1. Among the residues of region 509-545, count how many are closer than 26 Å to VAL195 by Cα and part of a strand (DSSP E or B).
2. Which residue out of ILE212, ILE190 is of a type in the set (Val, Ile, Thr) and outside any loop (DSSP other than H, G, I, E, B)?
3. In this structure, does THR281 turn out to be polar (S, T, N, Q), open to solvent by 10 Å² or more (accessible area, probe 1.4 Å) and within 19 Å of the chain's Cα centre (by Cα)?
4. Within region 400-436, which residues are at pLDDT 95 or above and part of a helix (DSSP H, G or I)?
5. For region 118-176, which residues satisfy the criterion of being at pLDDT 95 or above, part of a loop (DSSP other than H, G, I, E, B), of a type in the set (Val, Ile, Thr) and open to solvent by less than 20 Å² (accessible area, probe 1.4 Å)?
6. Please work out if GLY364 is within 30 Å of the chain's Cα centre (by Cα) and either hydroxyl-bearing (Ser, Thr, Tyr) or within 14 Å of ARG316 (Cα to Cα) (or both).
7. Mind checking which pairs have a first residue in region 527-539 that is on the phi > 0 side of the Ramachandran plot and a second that is open to solvent by less than 20 Å² (accessible area, probe 1.4 Å), Cβ under 6 Å, 6 or more apart or different chains?
Amino acid sequence: MNKRRLLAILLCLVLLLPLAACANTQDSSLTESGESQTGSDQGDASSAGGSSDSPDAAASGKDTITIALRNDAGSLDASLINTDTYAAVTCIQETLWDLSEENEVIMLLAEDVDQVSDTEWIVHLRQGVTFSNGNPFTADDVIFSIQKHKDSGATGSPRVQTIDAEKTYAIDDYTLSMQLLAPNVANWSITAMLVIYDAESYDPETGSQNPIGTGPYVLKEYVPNSYLNLERREDYWGELPDAKYLNFKILSETSQRVNALETGLVDIAQLATEDVEYANTLEGFNVDSRYTGNYKMIGFNLGENSAYYQNIDARRAVAHAIDPQAIIDAVYLGQGKVMHAAVPELCFDFEERFNDMDDTYAIGYDVALATELAQSSGLAGQTVKLMTDGLADSVKTAEIVQIMLGEIGVTVEINNYDSATVWQMLYDPAAEYDMSIGAGIAPNRRVGDQLLNGVRYSPTMSAPGAFPGVEEYLELAPLCMSTLDEQELSELLFDMLGRYEEYVLHFSTCNILYANAYSTAIDLDSVIYTFGTGSARFADLKFVS
């Protein structure tokens with residue numbers, strides 16, 4: 001089948017197929033009572049996010065900002081969250097500092113930092129700060145929080161990966177000697193996601209549903225997968241936010257978020273690409289679009305239960321069977337860029353020579369080559385399980401991949417889950433899936449971040465025999481973040497990226513345009529996107545004067 005004909009069929013299918021086309025699609029939308037919603041109710045903004053009887057209905061007007069989030073982890077424990085709700089929780093619990101997408105440091109619980117050496121930072125903490133329960137904030141809380149993140153596994157550990165927890169110590173109540181395991185080119189951005197807990201009151205039994213922090217907001221009410229309501233702390237140590245109430249609604253479907261904008265149920269929402277043009281016509285809203293460090297990728301389960309276990313040619317077959325431009329055109333209406341490397345060009349240390357290093361990207365879409373590899377690797381004739389995070393663009397992408405792999409004789413069974421379930425499966429070596437569709441991220445905008453953390457925190461990629469030379473790879477990978485000499489780092493990244501792509505540890509398809517709609521009541525100049533997550537710092541939002 002030629003490329004033009006395939007693209008035409010794909011476009012038609014994407015328009016005709018419902019978002020939950022697969023029989024085993026799971027719906028994670030919930031009402032405020034926690035009951036599942038099905039059918040047309042999901043498209044109605046009031047039924048998806050609330051009604052006139054909802055807890056936040058009375059809190060409407062200029063003292064309230066309501067924000068649509070796409071997903072929820074079912075927990076408010078910041079060290080365990082890798083979903084949109086992280087940005088909401090950081091309005092309750094603060095970090096030592098934050099970074100903007102422009103790499104500008106925003107001091108929060110830290111007032112100043114002295115970099116004594118490549119491996120020791122003296123952090124001067126802000127004095128007079130209290131948690132929402134009245135407990136004073138001290139260096140002991142930072143020490144506790146570092147260990148809390150260290151113990152939290154694949155989500156929290158990367159946020160303190162640079163810190164030597166055993167050697168870091170409190171000099172006094174408001175001074176901390178932060179000891180690093182090794183020099184690190186991204187320590188500012190990595191530790192910007194070290195969320196601070198109250199050591200005295202933290203309870204693992206209640207902490208996931210009732211976080212205590214030093215931030216400008218406190219939790220009013222939380223219903224997992226439905227809504228999260230916050231109220232401003234009048235005793236906050238810093239400048240009080242404009243909004244007295246921040247309300248978050250979990251609206252996973254794109255139609256829900258558009259309906260919520262139309263009906264005035266929300267003031268802010270991330271838009272699907274197909275909704276951007278329409279959102280620009282909505283009175284009372286501004287649309288802000290930008291490229292971020294996020295990109296669409298296909299992940300492979302390298303575990304023993306997977307069709308891709310120790311089968312490089314099978315992974316190459318998938319890469320050559322997929323046309324990234326068709327995904328951009330059909331799912332994102334042409335708003336995207338085909339990737340020519342496993343990591344995005346937006347990384348600070350990305351070089352032009354990193355593009356098309358391996359045939360996976362240099363040759364790219366080639367059905368004949370993909371068919372040959374599928375047959376020689378034994379992938380042809382198999383049924384593979386493809387999971388998504390349930391978001392609309394992921395589901396659409398999965399349906400396109402299903403068609404494309406069908407062209408080379410591979411049957412694809414799609415399973416759509418919620419984000420929390422996907423996250424658990426990705427870090428479960430016994431999980432029963434073969435491939436995944438999701439958003440890749442370079443949280444520190446460093447090529448080395450993906451090359452290091454993308455492997456060492458994966459239980460299947462880091463397992464003995466997962467791919468040739470995995471032991472040597474894991475020994476060298478930390479140097480991708482700790483090498484400070486620019487020329488040495490460049491050569492190391494070139495070598496390690498080549499290894500990563502040679503064994504097709506994942507396949508990056510496209511960098512897509514992200515768009516958000518903001519009520520015209522919100523001052524766009526107050527919107528600061530964070531370095532780590534790419535979401536806005538919601539506590540900083542101001543109303544138009």
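1. 5
2. On the way: ILE212 fails: outside any loop (DSSP other than H, G, I, E, B).
That would be ILE190, the only listed residue that is of a type in the set (Val, Ile, Thr) and outside any loop (DSSP other than H, G, I, E, B).
3. Working: polar (S, T, N, Q): yes; open to solvent by 10 Å² or more (accessible area, probe 1.4 Å): yes; within 19 Å of the chain's Cα centre (by Cα): no.
No.
4. Those that are at pLDDT 95 or above and part of a helix (DSSP H, G or I): ILE400, VAL401, GLN402, ILE403, MET404, LEU405, GLY406.
5. Scanning region 118-176 gives VAL129, THR168.
6. It is true that GLY364 is within 30 Å of the chain's Cα centre (by Cα) and either hydroxyl-bearing (Ser, Thr, Tyr) or within 14 Å of ARG316 (Cα to Cα) (or both).
7. Listed pairs, sorted by first residue: GLY534/THR292.
This table checks each residue for (1) part of a strand (DSSP E or B); (2) open to solvent by less than 40 Å² (accessible area, probe 1.4 Å); (3) closer than 28 Å to ALA279 by Cβ; (4) in contact with a Cys (Cβ under 6 Å, 6 or more places away or on another chain).
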site: GLU221; (1), (2), (3), (4): yes, no, no, no
site: GLU231; (1), (2), (3), (4): yes, no, no, no
site: ASP235; (1), (2), (3), (4): no, no, no, no
site: GLU239; (1), (2), (3), (4): no, no, no, no
site: ALA243; (1), (2), (3), (4): no, yes, yes, no
site: LYS249; (1), (2), (3), (4): yes, yes, yes, no
site: SER252; (1), (2), (3), (4): no, yes, yes, no
site: ARG257; (1), (2), (3), (4): no, yes, yes, no
site: ALA260; (1), (2), (3), (4): no, yes, yes, no
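The values are calculated or read from the model by the stated rules, or taken from the named source; none is laboratory data. The shown structure was predicted, so the numbers you read here are calculated from the model rather than taken from an experiment. Using ideal geometry, Cβ is built from the backbone for each residue, glycine included, and neighbour counts are taken over all protein chains shown. With ligands, DNA and RNA removed, areas are computed over all heavy atoms of the protein, side chains included. Shrake-Rupley method; radii C 1.70, N 1.55, O 1.52, S 1.80 Å.
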